[in-house]
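A.B. asks: Here's a structure for you.
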Amino acid sequence: MSTTSIKRLILYLLGDSLTEGYTRSGTVFHPYQIQLEKRLKNVYPNFEITQEGISGDRAAGRFMERRLKTYLNKKSSEGEIVDWVIIMGGTNDIFQVSSDTTFEGLKNLYNICEQHNSKVLALSILEFNKEWAGYKYDKRRVDVNELIRQNMFFYDIARDIPFDSNSYWEPDGIHLTAEGYDRMGDLIFEELHKKINHQD
């Protein structure tokens, strides 16, 4: 599918603090949406993007599900279908519940999107400072990512933003800097653009 054949591209960004753009201990929010929009404007003449990331939210909880349903139902009532839902969730879950429970929460979100004829770009859970957070939680992260990989439109963004001490990561070892979120926006744009243009 060529970009010129898309009349209007509707995107919905769902997740936790990493979608909300939490940085500088919560004194600043710089979501990846900012850079994603800049890149979209250069290629897609008409698009709509809505971001609903909430710090501390969990994929296996009910708030993320509620936001997703509310938004998709609203667009449906307006006679519109959301083309892509970009989901980054699970980071908060793996510190509280098992890998299976985390994935079941994510899978529920994917299924809701499918029921509304929206495609999902399922993002992997980013790395974090294992020495600070604990290696058992990183094992959960890896396990969940392997389960997410089964999704048709999976993007292993964790592979492209590995944890280290560079300028992409905040001192807390979990959140990104503004530069890191901009990098996310670039990577997500490139992956999304590729998938859009490879659709039948």
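No lab work stands behind these numbers, since they all come straight from the coordinates. Please read all numbers here as calculations on a predicted model, not as lab measurements. Cβ atoms come from the backbone with ideal geometry, glycine included; neighbour counts cover every protein chain shown.
A.B. asks: Compute the whole-percent fraction of alpha carbon pairs in region 25-85 spaced more than 13 Å apart.
C.D. replies: Working: 1305 of 1830 pairs.
Percent of Cα pairs beyond 13 Å in region 25-85: 71.
A.B. asks: A further question on this structure: What fraction of the DSSP beta bridges in the chain is antiparallel, stated in percent and rounded to the nearest 5?
C.D. replies: 15 percent
A.B. asks: Still on this model: Please order ARG58, ARG39 by the number of other Cβ within 10 Å, starting at the fewest. All intermediate terms of the calculation are to be shown ahead of the outcome.
C.D. replies: Details: ARG58 22, ARG39 16.
Going from sparsest to densest Cβ surroundings: ARG39, ARG58.
A.B. asks: Okay, moving on. Cα convex hull of region 91-162: mean projected area in nm², to one decimal?
C.D. replies: 4.7 nm²
A.B. asks: Once every DSSP H run of n ≥ 4 in the chain is given -39500 (n - 2.57) and the sum is divided by its residues, what mean residue ellipticity at 222 nm do you get, rounded to the nearest 500 deg cm²/dmol?
C.D. replies: Taking each H run of at least 4 residues, the total per residue is -13000 deg cm²/dmol.
A.B. asks: In what sequence do TYR137, TYR168 fall when counting other Cβ within 10 Å, fewest first?
C.D. replies: Exposure proxy ranking, most exposed first: TYR137, TYR168.
A.B. asks: Just tell me which lysines come within less than 23 Å, Cα to Cα, of LYS75; anything on the same chain fewer than 8 places away is out.
C.D. replies: In chain and number order, the partners are LYS7, LYS41, LYS107, LYS119, LYS195.
A.B. asks: Now a separate question. Quick check on the exposure proxy: order VAL120, VAL28, VAL142 from fewest to most C-beta atoms within 10 angstrom. If you can, show how the numbers build up before the last one.
C.D. replies: Values: VAL120 21, VAL28 11, VAL142 15.
Fewest-to-most ranking of VAL120, VAL28, VAL142: VAL28, VAL142, VAL120.
A.B. asks: Could you pull out every residue, at least 5 positions away or on a different chain, whose amide H is within less than 5 Å of the one on ILE10? Hs are placed 1.01 Å off N in the peptide plane, and Pro or chain starts have none.
C.D. replies: GLU48, ASP83, TRP84
A.B. asks: When all C-alpha to C-alpha distances in region 121-188 are sorted into bins of 5 Å, what percent of pairs does each bin hold, rounded to whole numbers?
C.D. replies: For region 121-188, the binned pair fractions read 4, 18, 26, 24, 19, 10, 1 percent.
A.B. asks: So if the hydrodynamic radius of region 3-196 is defined as the Kirkwood radius over C-alpha pairs, what does Stokes-Einstein give as its diffusion coefficient at 37 °C and 0.692 mPa s, in µm² per second?
C.D. replies: The calculation lands on 196 µm²/s.
A.B. asks: DSSP loop trypsin sites (Lys or Arg not before Pro) in region 83-178 with at most 14 other Cβ atoms within 10 Å of their Cβ, which ones?
C.D. replies: ARG149
A.B. asks: Rounded to two decimals, what is the ratio between the C-alpha radius of gyration of region 29-143 and 2.2 N^0.38 Å?
C.D. replies: Its radius of gyration relative to the 2.2 N^0.38 Å reference: 1.17.
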